[in-house]
Structures are given as structure tokens and as C-alpha cells.
Amino acid sequence: MNFLKSVSFLVLGLILQQTVVQIISIGSIKPDLVMVMLVAVSMRYGSVVGLFSGLTIGLIQDVYAIEALGANAMAKCLVGYFTGLLDEKVIKVMPATKVLFLAVAFLFHDIIYAVAAGFHGEEFWQALVMRTLPSGIYTLLVGALVFYFLVAPSRHEA
């Protein structure tokens, strides 16, 4: 059941990524809402759900990125698993700490994606500096809002 909930959130994130993000993008710099949702559901439901959710949404994204088939699936699968190890049932973290985990997950994802897609040398570093850093900063700003307002722990919990 948790897997179905997480995939539905990720599909919602993918729909928003294809619609709303086009409106709020700054040139070619766009936040990655799917990554924000993946980190949120992985931390909420654990590593196994994060692993399969990342694999599922990564395969869906790979349909649209045929030149690097499997790169999204592998990167999101690993990100889902490793952020799922920070399961909210095991460790409670503040929204600001979740944003820090999102930053690490975003960088980890883009490095795995670049290597799996066959970027090396100058092409790898150019992708990292020209695409990952600006998009990562924008994603962190959006992620901070999402984690603070939507995913923050209830004030009624002890």
C-alpha cells in the first residue's frame, strides 16, 4: 500500500514537472520536483519503498530520454534506497536537515546519471557545472518549501 501511495505522489510530481515547472523555469534552469517527491516519500516510507519507487519513476522518465536508457532508473533507484535509509520511523529530522539530504541526493543522482549516460572528461564537468549546480539550487529552494509546508512533522506529535 505504501508503494502505491509513493508512486502516486511521484506520478503527481512528474505531471507537475511537465506542466508547472515549464512556467516557473528560469531559462533552462528548472527545479526537479520528481527528485523532491522521491526524497520525501523515501524518507517517509523507507528504503524498500524508496528503491522500488525510484526504479518505477526512473523507468517512466527513461521512456522520454531514450538516448540514455536506464540512466534515470538506476540513479533514482539508488537515491530512493539511500534516502530511504533515513526512514522517519527510525530517525526524526527537521525540514532543514531534509533539505540538506535533498542536496546530497540531487548531486548523487546527477553524478550517477552523467556516468551512466556516458559523459566523461570535459563533458561530465560541463554538465555538472552548467546544469546540475543551477538546477540543484533551484530544486533546494522548492524542496525547502515542500518540506517545510507539506512534509513537516505535525506540531501535535511529541
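Tabulated data for the structure shown
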read-out	value
Model label zone, MET130; criterion: amide N under 14 Å from point 7 Å along Cα-to-beta-carbon; scope region 16-33	28-29
From phi via Karplus (6.51, -1.76, 1.60), per-residue ³J(HN,Hα) for region 35-44 in Hz, x at Gly/Pro	5, 4, 5, 5, 5, 5, 6, 5, 6, 7
Selected from ILE137, PHE9, LEU69, residue furthest toward positive end of dipole (the chain; charges at beta carbon)	PHE9
Where Cα atoms sit under 19 Å apart: lysine pairs in the chain separated by 8 or more or lying on different chains	5
Helix-only CD estimate at 222 nm, as mean residue ellipticity for the chain, using -39500 (n - 2.57) per DSSP H run (n ≥ 4)	-24000 deg cm²/dmol
THR97-ILE66 pseudo-label distance in nm [points 7 Å out on the Cα-to-Cβ vector]	4.5
Table column - 3J(HN,Hα) (Hz), region 63-72, Karplus curve with 6.51, -1.76, 1.60, x for Gly and Pro	4, 8, 10, 5, 5, 10, 4, x, 5, 5
Coarse-grained scattering of region 15-138 at q = 0.13, 0.15, 0.20 Å⁻¹, given as base-10 log I(q)/I(0) from a Debye sum over alpha-carbon atoms	-0.51, -0.68, -1.18
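Here, each number is a calculation from the coordinates, and none is a lab measurement. Everything quoted here is computed from the prediction, not taken from an experiment. With ideal geometry, Cβ positions are generated from the backbone for all residues, glycine too; neighbour counts draw on all protein chains shown.
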